[in-house]
Amino acid sequence: MSIIRVDADRSTHWELVSPAHAGADAAALGAVDVAVLDGFAALQAEGEPDLIVELIDLYLEDAPRKVASMLEAVALADEGALGRAAHSLKGSSASLGAGQVAALCGELERTGDDGSFEWAGALLARMGQELERARRVFAAERQKRL
Amino acid sequence: MRILIAEDDAVSRRALEAKLNRWGHEVTVTSDGAEAWDVLRRDGAPLLAILDVEMPCMGGIEVCRRVRETPRSVSPYLILLTARSGKEGVVLGLEAGANDYVAKPFDPAELRARVNAGLQMLGLQINLAERVRELEEALSQVKQLQGLLPICSYCKSIRDDSNYWQRVESYIGKHSDVQFSHSICPDCYEQVVQPQLDEMKRKQESEQSGVRLSD
């Protein structure tokens, strides 16, 4: 398995703590609606790098940064920052079919809205797990296209 | 048509760019409002812009406000990308000068229809601006005769602004795009030309009779 690691400088990384998965395992199935991802194939321009791989890479690069922002926002009880980071990750997750991550981001966005951080920690922990499941699917889809 | 997009989320931005490219549009990509405004304020900027409401530095609503404060012959068509629950953003955006909005996550078919509606509107505006330009150019070439013309009661010459008397056709030719082709009206033919012809004929006949007498 792998985890999201947040360093002292608040930079966030995905860290593999066991051998890398070659494909999405059964536990990760359903984390991403692959049909949504496949929908982008129609937009592929001839002679250009694979668009789906490009989108996956952008997502995998950006998502840990957004999680770090959310963790920081919760630590500082900054509802505005939590709402903005959650809103942004919700959009990109929904765009690529990571529905569970998007839904949890939606909940975190609302948590930030009413100023109550009671559930934010638990939601972030669940989101870390969902994000990891999504990452495994994305990694497998990426591998298929290379 | 060139379209500007302003979206801070890298995934959404790239996905939007790919869609617009696929639909045949050239895309100028920006990642926040300040960058978008920097492009839109210039001459020759894209006439259609898709702006996310929530962006760092400057949001889409502020970009709309600034664009509308800048007079243009063809006003850019502005579409806001809003949160589905963000009705407040929609109202503020439309009040700030946005033409339309699409709630995120958007349905590609809906976005395409709204972009096409915008392009149609821009096409009408561009045609209208072109017609106005043509009319203004035509008007600048039109010479008009206006005011009081001093005209001689006898010879009908006209006194111009420099106090010179000119023949009617010369004056009108100078002050309008009219050209003259000379002819004779029936009244003048009867009163002037016919008597002259009669006189000529009479002279000719008397000359001929004089010649015959001398023979």
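The values are calculated or read from the model by the stated rules, or taken from the named source; none is laboratory data. Predicted model only: the values in this text are computed from it and were never measured. Note: ideal-geometry Cβ built from the backbone for every residue, glycine included; neighbour counts use all protein chains shown. Areas reflect the complete protein model, heavy atoms only, side chains present, ligands, DNA and RNA absent. Shrake-Rupley method; radii C 1.70, N 1.55, O 1.52, S 1.80 Å.
Brief remarks on what is shown
- Only helices enter this figure: runs of n ≥ 4 DSSP H residues, each worth -39500 (n - 2.57), summed and divided by the residues of chain B, yield -15500 deg cm²/dmol at 222 nm to the nearest 500.
- Magnitude of the charge dipole for the protein assembly as shown, about its Cα centre and with charges confined to Cβ atoms of Lys, Arg (+1) and Asp, Glu (-1), is about 560 debye.
- Residue-averaged beta-carbon neighbours from other chains (10 angstrom radius) around B:100-108: 2
- Relative packing of B:178-186, A:46-54, A:103-111, which averages over residues the other C-beta atoms within 10 Å, highest first: A:103-111, A:46-54, B:178-186
- Nonlocal amide H pairs with B:Tyr77, under 5 Å, H built at 1.01 Å: B:Leu48, B:Ala49
- B:Thr28 long-range amide H proximity, modeled H, under 5 Å: B:Ile3, B:Leu4, B:Ile5
- Förster-model FRET efficiency, 56 Å R0, B:Leu94 and B:Asp160, C-beta, rounded to 0.05: 0.45
- Inter-chain Cβ neighbour average for residues A:95-106, partner chain, 10 Å: 1
- For segment B:117-132, the Karplus equation 6.51 cos²θ - 1.76 cosθ + 1.60, evaluated at θ = phi - 60°, returns couplings of 4, x, 5, 5, 4, 5, x, 5, 4, 5, 4, 5, 4, 5, 5, 4 Hz by residue, with Gly and Pro reported as x.
- Highest mean packing comes first when the peptides A:69-81, B:190-202 are listed by Cβ atoms within 10 Å, giving A:69-81, B:190-202.
- A cut-off of 5 Å between modelled amide H atoms, ignoring neighbours fewer than 5 places along the same chain, links B:Tyr101 with B:Leu80.
- Accessible surface of chain B, 1.4 Å probe: 51 percent of it comes from carbon and sulfur atoms.
- Members of segment B:1-50 that become less accessible by 50 Å² or more once partner protein chains are added (1.4 angstrom probe, chain alone as reference): B:Asp9, B:Val11, B:Arg14, B:Arg22
- Eigenvalues of the alpha-carbon gyration tensor of segment B:2-140, scaled by 5 and square-rooted, set the equivalent ellipsoid semi-axes at 26, 16, 14 angstrom, largest first.
- Dipole-positive endmost among B:Trp165, B:Gln196, B:Ser209 within segment B:158-214 (Cβ charges, Cα centre): B:Ser209
- Here each label is just a point 7 Å from Cα along the line to Cβ, and for B:Cys57 and B:Ile126 those points are 2.8 nm apart.
- Stokes-Einstein D for segment B:125-185, Kirkwood Rh over Cα pairs, 20 °C, 1.002 mPa s (µm²/s): 151
- Taken residue by residue and averaged, Cβ atoms of other chains lying within 10 Å of the Cβ of A:37-47 number 2.
- Note: the protein assembly as shown, Cα convex hull, 255 Å³ per residue.
- Computed about its Cα centre, the charge dipole of segment B:158-214 is approximately 240 debye, with only Lys, Arg, Asp and Glu carrying charge at their Cβ.
- About its Cα centre, the dipole of chain B is roughly 160 debye, where the only charges are +1 on Lys and Arg Cβ and -1 on Asp and Glu Cβ.
- Protein heavy-atom accessible area occluded, A/B pair - total, 1.4 Å probe, Å²: 1200
- Residue-normalised accessible area of the protein assembly as shown, given per residue in Å² at a 1.4 Å probe: 58
- Couplings for segment A:32-46, taken from phi via the Karplus curve 6.51 cos²θ - 1.76 cosθ + 1.60 with θ = phi - 60°, read 10, 7, 5, 4, 5, 4, 4, x, 6, 4, 5, 8, 4, 8, 5 Hz in order; Gly and Pro are left as x.
- Of the residues A:Leu43, A:Ala81, A:Val101, the one whose Cα sits farthest toward the positive end of the charge dipole of the protein assembly as shown, with +1 on the Cβ of Lys and Arg and -1 on the Cβ of Asp and Glu, is A:Leu43.
- DSSP beta bridges in the protein assembly as shown [antiparallel fraction, %, rounded to 5]: 30
- The calculated FRET efficiency for B:Ala109 paired with B:Val74, based on their beta-carbon distance and R0 = 25 Å, is about 0.40.
- Highest mean packing comes first when the peptides B:99-112, B:46-59 are listed by Cβ atoms within 10 Å, giving B:46-59, B:99-112.
- More than 19 angstrom apart: percent of Cα pairs within segment B:114-215: 72
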